[in-house]
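Shown next, in structure tokens, is the structure this report addresses.
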Amino acid sequence: MFMTHLECSLTGEHYDCDRLQNLSAAGRPLLARYDMDAVREALSRDVLAARAPGMWKWRELLPLAEGQEPVSLGEIETPLIDLPVTGAKAGAPPPIVKDEGRLPTGSFKARGLAMAVSMARQFGVERIAMPTNGNAGAALAAYAARAGMRSLVICPEETPQTNIREAAANGAEVVIADGQIDECGRISVEGAKAGKWFDCSTLKEPYRLEGKKVMGLELAEQLGWELPDAIFYPTGGGTGLIGMWKGFDELEAIGLIGSERPKMFAVQAEGCAPMVRAFEAGEDFATRWDNPATMATGIRVPMACGDFLILRALRESGGAAISVSEDAIATALSDVGRDDGLLLCPEGAAVIAAWRKAMDKGLVGKDARCVLFNCAAGNKYPLPEAGRHMKLSQIEIDNL
């Protein structure tokens, strides 16, 4: 194993990585640290190119102990899909979508939960719990079942029924509560303190982040070891954005990329935009967003444990936090499906809307190479009714 210790993301204090951990004593996320000299000796572009594609080819930069098999459902290398018509209509090169909806359970949550559950099994966890707006709970249920664990997911009432039923179908105990995800998270934390389960909430254990960072490692290799000019990422808890930013530093430390970095853009909905408010106010920490509301339920997160890490990455990269309206999300979803044949999830549509807004505001140039993350399969979400109901006897071919 190349991991050496865990480090408090706020204070830098070191923690043991040979036992279960949640937050640091300062109440902040713990970050996995590695013996980078040893990783550099073991991992090269040629070594990676010779391995089968997928999440686990990056084993030296992941925390699982040597000899431990991951809990896996086949975490593929997700494709990059260009959008030529969408780009042309914006007067820009085709934006590139990294389509995370191709992963097991249909979302990028599979990456983080595959890693977190693998580590939980390594430490002997038998029951695991988390709050969820949908896709994370579904992924936890699937990977916990695969690992032989019991799982509990606590969902706000607005959680899509597809996700609730998916989690239950994979064996989770599902509780639907009258609160937001951070309020549901309180139950997960309290139960863990009482010894009823292990809390797997976003950034409240160290290893979901390590699974999510593989998005950035993978992207670097897919683009020939040259990072894009900008990355647009749907941001609720922000695990993936923080993870990618960490992963880029690790790739540079082992000599696989240089010091160039993309501008990082955190995308939120106007109805739930705590990061945008904090970014624009120049704050280091975000305050809770009251009465959050958006069709993009995955980014309906009123308060994030890693807020300062998100804001730090945005500022260090020269990026920004951008909020978009519900109309802009709906328009983007319809446009990309019609024009380029890619059915986005609402959060992915929010990213398209933010990319358009960033170009209009001059935050990225019209010639910039931009990677946009679609975090889940679009057909997991309710779609508007469509089609004409007609009797066969009344259908006239000339009118079709």
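For the range 214-230, the Karplus equation 6.51 cos²θ - 1.76 cosθ + 1.60, evaluated at θ = phi - 60°, returns couplings of 4, 4, x, 4, 4, 4, 4, 5, 4, 9, x, 6, 10, 5, x, 6, 8 Hz by residue, with Gly and Pro reported as x. Over the range 147-257, the alpha carbon radius of gyration divided by the compact-protein estimate 2.2 N^0.38 Å works out to 1.32. Using 0.36 nm per residue and subtracting the Cα-Cα separation, the extra length available between Asp37 and Ala25 on full extension is 1.4 nm. Average 1/r across all pairs of distinct alpha carbons in the chain, invert it, and you get the Kirkwood radius: 21.4 Å.
Loop-located GluC sites (Glu not before Pro) in the range 311-400 (DSSP state other than H, G, I, E, B) with a sparse environment of at most 15 neighbouring Cβ atoms within 10 Å: Glu385, Glu396. Neighbours of Asp199 by Cβ distance under 12 Å: Lys/Arg scored +1, Asp/Glu scored -1, total +4. Principal axis extents of the C-alpha atoms in the range 219-262 (largest first, rounded to whole Å): 31, 18, 15.
Under conditions of 4 °C and 1.567 mPa s, the range 98-165 yields 107 µm² s⁻¹ as its translational diffusion coefficient, taking Rh as the Kirkwood radius over Cα pairs in the Stokes-Einstein equation. Stretching Met390 away from Asp284 to a fully extended chain increases their span by 32.3 nm, per 0.36 nm per residue minus the current alpha-carbon distance.
Between Ser325 and Ile176, the C-beta separation translates, for a Förster distance of 22 Å, into a calculated FRET efficiency of about 0.20. Restricting the range 1-89 to GluC sites (Glu not before Pro) that sit in a DSSP loop and have at most 12 other Cβ atoms within 10 Å of their own Cβ leaves Glu66.
Computed over the chain with a Gaussian network model linking Cα atoms closer than 10 Å, the most mobile of Lys196, Lys98, Lys109 is Lys196. Considering only beta bridges that DSSP places wholly inside the chain, some 30 percent are antiparallel.
Between the amide H of Thr4 and those of Arg33, Tyr34, Asp35, distances stay under 5 Å, these residues lying 5 or more places away or on another chain, with hydrogens modeled in the peptide plane. Between Gly282, Leu203, Thr4, the Cα set farthest toward the positive side of the dipole of the chain (charges on each charged residue's Cβ, about the Cα centre) is that of Leu203. Under the combined filter of DSSP loop state and at most 15 neighbouring Cβ atoms within 10 Å, the range 87-168 retains these GluC sites (Glu not before Pro): Glu126, Glu157. Of the residues Ala25, Ala293, Phe248, the one whose Cα sits farthest towards the positive end of the charge dipole of the chain is Ala293 (charges of +1 on Lys and Arg Cβ, -1 on Asp and Glu Cβ, taken about the Cα centre). Placing unit charges on the Cβ atoms only, positive for Lys and Arg and negative for Asp and Glu, gives the chain a dipole magnitude near 420 debye about its Cα centre.
Which FRET efficiency value, to the nearest 0.05, is calculated for Val189 and Ile397 with the Förster distance at 45 angstrom and r the Cβ-Cβ distance? Given R0 = 45 Å and the Cβ-Cβ separation, E is 0.10.
Measuring nothing but how far apart in sequence close Cα pairs (under 8 Å, 6+ apart) lie, relative to its length, the chain scores a relative contact order of 17 percent. Rounded to the nearest 500, the helix-only mean residue ellipticity at 222 nm of the chain stands at -11000 deg cm²/dmol, with each DSSP H run of n ≥ 4 adding -39,500 (n - 2.57).
Per-residue packing, averaged as other Cβ atoms within 10 Å, sorts the ranges 44-56, 209-221 into the order 209-221, 44-56, beginning with the highest. Across the range 158-175, computed HN-Hα scalar couplings (Karplus, 6.51 cos²θ - 1.76 cosθ + 1.60, θ = phi - 60°) run 7, 4, x, 4, 4, 5, 4, 5, 5, 4, 5, 4, 8, x, 6, 7, 10, 10 Hz from first to last residue, x flagging Gly and Pro. Each label point was placed 7 Å from the Cα along the Cα-to-Cβ direction; for Asn379 and Ala50 their separation is 3.9 nm. The order of the peptides 240-248, 16-24 by mean Cβ neighbours within 10 Å, most packed first, is 240-248, 16-24.
Here the 3J(HN,Hα) profile of the range 194-205, calculated from phi with Karplus coefficients 6.51, -1.76 and 1.60 at θ = phi - 60°, is 7, x, 7, 6, 9, 7, 10, 4, 3, 6, 9, 9 Hz, Gly and Pro shown as x. Cross-link check: pairs Lys98/Lys391; Lys57/Lys89; Lys89/Lys246; Lys246/Lys380; Lys109/Lys357 evaluated at a Cα-Cα cut-off of 32 Å; pairs beyond the cut-off: Lys98/Lys391; Lys57/Lys89; Lys89/Lys246.
Note on the chain: with a GNM built from Cα contacts shorter than 10 Å, the maximum mean-square fluctuation among Ala332, Ala38, Ala194 falls on Ala194.
Per residue, the convex hull spanned by the alpha carbons of the range 4-129 comes to 183 Å³.
Computed from point charges on the beta carbon alone (+1 for Lys and Arg, -1 for Asp and Glu), the dipole magnitude for the range 68-150 about its Cα centre is near 240 Debye.
Every number here is computed from the coordinates shown, using simple stated rules; none is lab data. Quick caveat: nothing in here was measured; it's all calculated off a predicted structure. As a convention, Cβ positions derive from the backbone with ideal geometry for all residues, glycine included, and neighbour counts pool all protein chains shown.
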